[in-house]
1. Can you name the residue in the range B:262-302 that is within 8 Å of chain A (Cβ to nearest Cβ) and in contact with a Gly (Cβ under 7 Å, 6 or more places away or on another chain) and, of all such residues, is surrounded by the most Cβ atoms within 10 Å (Cβ to Cβ)?
2. Would you check which residues across the range A:218-240 are surrounded by fewer than 24 Cβ atoms within 10 Å (Cβ to Cβ) and β-branched (Val, Ile, Thr) and list them?
3. Could you check the range A:270-285 and list, in sequence order, the residues that are among the polar types (S, T, N, Q) and not in a strand (DSSP E or B)?
4. Considering each of B:Arg12, B:Arg44, B:Arg27, B:Arg38 in turn, give the residue that is surrounded by fewer than 20 Cβ atoms within 10 Å (Cβ to Cβ), assigned by TED's automatic domain parsing to the domain that holds B:Thr175 and in contact (Cβ under 8 Å) with a residue 40 or more places away in the chain.
5. At pLDDT 95 or above, under 30 Å from A:Ala282 (Cα atoms) and not hydroxyl-bearing (Ser, Thr, Tyr): does that describe B:Ile349?
6. Of A:Leu36, A:Leu32, A:Leu19, which residue is touching a Phe, Trp or Tyr at 6+ places or on another chain (Cβ under 7 Å), not acidic (Asp, Glu) and not in a loop (DSSP other than H, G, I, E, B)?
7. Consider A:Ala89 against the criteria (1) farther than 20 Å from A:Pro377 by Cα; (2) surrounded by fewer than 21 Cβ atoms within 10 Å (Cβ to Cβ); (3) within 14 Å of chain B (Cβ to nearest Cβ): it satisfies all of them except one. Which criterion is unmet?
8. If you check B:Val327 against the conditions, is it under 27 Å from B:Gly253 (Cβ atoms) and hydrophobic (A, V, I, L, M, F, W, C)?
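The values are calculated or read from the model by the stated rules, or taken from the named source; none is laboratory data. Just so you know, these numbers come straight off a predicted model, no measurement behind them. As a convention, Cβ positions derive from the backbone with ideal geometry for all residues, glycine included, and neighbour counts pool all protein chains shown.
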Number of protein chains: 2
Amino acid sequence: MPVNAAESPLARLPTPSLLLEQQRMDRNIARLTDHLGRLGTTLRPHLKTTKSVDIARRVMVSPSGPATVSTLKEAEEFAAAGVRDILYAVGIAPAKLDRAIALRRSGVDLSIVVDNIDQARAVAAKCRELKISLPTLIEIDSDGHRAGIQPGDPLLVEIARVLQEGGADPRGIMTHAGGSYDARSEAQLIAAAEQERAEAVKCAEQLRAAGFASPVVSVGSTPTAHFARDLTGVTEVRAGVFVFFDLVMAGIGVCSIDDIAISVLSSVIGHQPSKNQILVDAGWMAMSRDRGTANQPVDQFYGLVCDAAGRPYPDLIMRYANQEHGVLELRPGSTAKLPDLPVGSLVRILPNHACATSAQHSHYNVILDGQVVAKWPRIQPGW
Amino acid sequence: MPVNAAESPLARLPTPSLLLEQQRMDRNIARLTDHLGRLGTTLRPHLKTTKSVDIARRVMVSPSGPATVSTLKEAEEFAAAGVRDILYAVGIAPAKLDRAIALRRSGVDLSIVVDNIDQARAVAAKCRELKISLPTLIEIDSDGHRAGIQPGDPLLVEIARVLQEGGADPRGIMTHAGGSYDARSEAQLIAAAEQERAEAVKCAEQLRAAGFASPVVSVGSTPTAHFARDLTGVTEVRAGVFVFFDLVMAGIGVCSIDDIAISVLSSVIGHQPSKNQILVDAGWMAMSRDRGTANQPVDQFYGLVCDAAGRPYPDLIMRYANQEHGVLELRPGSTAKLPDLPVGSLVRILPNHACATSAQHSHYNVILDGQVVAKWPRIQPGW
């Protein structure tokens, strides 16, 4: 049944608005925390997905962390909210070192990441100049996905040596199994998790054999975090998107559609009956341009459409997105019936990629039992 | 020559940062304004691209407008900055009428858009209830692209009648030739512009024949605005992205690469030598996920890479984008040489879609003769 704006408890929200189902989020957090607890390791949640102090406090082990961030601005904002143990998990640009050091001087145990000798030299030179230590993880490339040195490369030890000689603190290994997003079966997910673990542990042992204690072995991605069966040798796991989940994660098989905690509330503004299209007031500005399911077995286009209560309509997707227009259609080849959604009807659209969609919004409208119970701000955009 | 951060006047900016070349922007604005002046019509610039009061004042005919917006939030923000003649160019959701009326009561000549009988009835009912008038354009679908009623449909006159009977003010016709983005030659662009004009004028005549004065005939898209050869019967032209231009517009042939006024400044943070990849600290959070050139003859992936002074490197593109990582590669099949860009080098990345990329940033760093001369804020994100 379509829900008319006037009949829904969400009717007071402007459209588009970002909704967050609190119970789903709490369940997602508990699921991963419990799983990692059983495997005897700690979660260092990646706060780049939610960029919210309210949510960070629900997902971190303690109000002071540990936590992972993707920008120094996130680090500064979460530090201001009391987080004290932060990993900045993107290889550092030398020009950012002063800002990282300022954070450490404010009392935050910020650690940084390098994956090449030039970065290591820049970190070492800065430590030498300022007579400080700077905890640094060395990133390795456990699956050929993105950044990091190749496992087995003697460069690993050379980087640790350069860091140590400058007075920096080579704390260990980090890796991110981004390749796990291409997994298409439980067996592949389990294998991706084991590969991430094994390569990271092997590199940590290489460092230890060369005399570096390397107390930290940090791995993580949402798929591998959930499908790891053994984390021997790993000291912490990073994951971010699991708090909300999304259509990409459902397509990989890490969650079900019913686990997706965020959606975009939107109003129907028109129809193109000859094309079986419904127009809504959420376009890419509200959904993002992310098309992460485009190469998955089920392409969700710009998102899967649900009624105002959050129940998916069969095969109804956002087929096209302009800045402030979305065009809804049945999935190509579907035999479902286009729902009757008069102008003014409210729909919710599940996103491909929770990080990208939530980044388009200033706050979360927190939903509990169908009511808006809170507004949680995201930290300001920018770097 | 790669420019090291320390040697560039841009070195004080954090990376990633959004740059705006003022002279290019001024030239782009002058080009379209002059063209439309020669054709005897007025520009009603679409402010959704720039979302900047500073830029709005440079592109509008006067500080009070006219202007076009894509959200009521934009309307409110620009109204607060003195704009008095605003078209909200997305078909209105009935729940937004009160907010639109509040803006009119504050002294803004806001006009709205409808394209179906349900919207028209909602507008009419509101006007009747409040004993007010509400200037309304009826959107027509001049090229099968998105919203709007089909030219020739008797519904057009019925909508005007419903509006008028309620006391609303059916002011005329609006259309947007979004299909012009698929044009691939000058002849096709000229034809798209003439089709947009002809269909809009024909519909206005249909309304006039039925007794509606229809003083406004509003058309526009950046491609058709530039390639219109005759605008007889058109009273105003809307366009937005031309202020900045982008790789999509260059791919269509509306501008050259040298006209693109915005770019994202980024730092090199690493390399994958075995894959001929350069890693930078701008990912999709800085570039957006827009892949608007993916189906053009030249795919620019996530953007075209230039040196710190803005000169493109041959065939160097952002091949992959994660949230805060970009992976640069030579275009597939290129015989160019990968430039030597050590860690810490600065690059500028030209975007596929200026609206989407600038929406990822809080402000413009205005560049004149290689120096940062101003910071112009964007209006706050949201609706």
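1. Only one residue tops the list, namely B:Ile269.
2. Result: A:Thr232, A:Thr235.
3. Just the residues of the range A:270-285 that are among the polar types (S, T, N, Q), to begin with: A:272, A:274, A:276-277.
Selection gives A:Ser274, A:Asn276.
4. Values: B:Arg12 fails: assigned by TED's automatic domain parsing to the domain that holds B:Thr175; B:Arg44 fails: surrounded by fewer than 20 Cβ atoms within 10 Å (Cβ to Cβ); B:Arg38 fails: in contact (Cβ under 8 Å) with a residue 40 or more places away in the chain.
Checking each option against the conditions leaves just B:Arg27.
5. Details: at pLDDT 95 or above: yes; under 30 Å from A:Ala282 (Cα atoms): yes; not hydroxyl-bearing (Ser, Thr, Tyr): yes.
Here the answer is yes, as B:Ile349 does meet what is asked.
6. Values: A:Leu36 fails: touching a Phe, Trp or Tyr at 6+ places or on another chain (Cβ under 7 Å); A:Leu19 fails: touching a Phe, Trp or Tyr at 6+ places or on another chain (Cβ under 7 Å).
Among A:Leu36, A:Leu32, A:Leu19, only A:Leu32 is touching a Phe, Trp or Tyr at 6+ places or on another chain (Cβ under 7 Å), not acidic (Asp, Glu) and not in a loop (DSSP other than H, G, I, E, B).
7. Among (1) farther than 20 Å from A:Pro377 by Cα; (2) surrounded by fewer than 21 Cβ atoms within 10 Å (Cβ to Cβ); (3) within 14 Å of chain B (Cβ to nearest Cβ), the lone unmet condition for A:Ala89 is (2).
8. Values: under 27 Å from B:Gly253 (Cβ atoms): no; hydrophobic (A, V, I, L, M, F, W, C): yes.
The answer is no for B:Val327.
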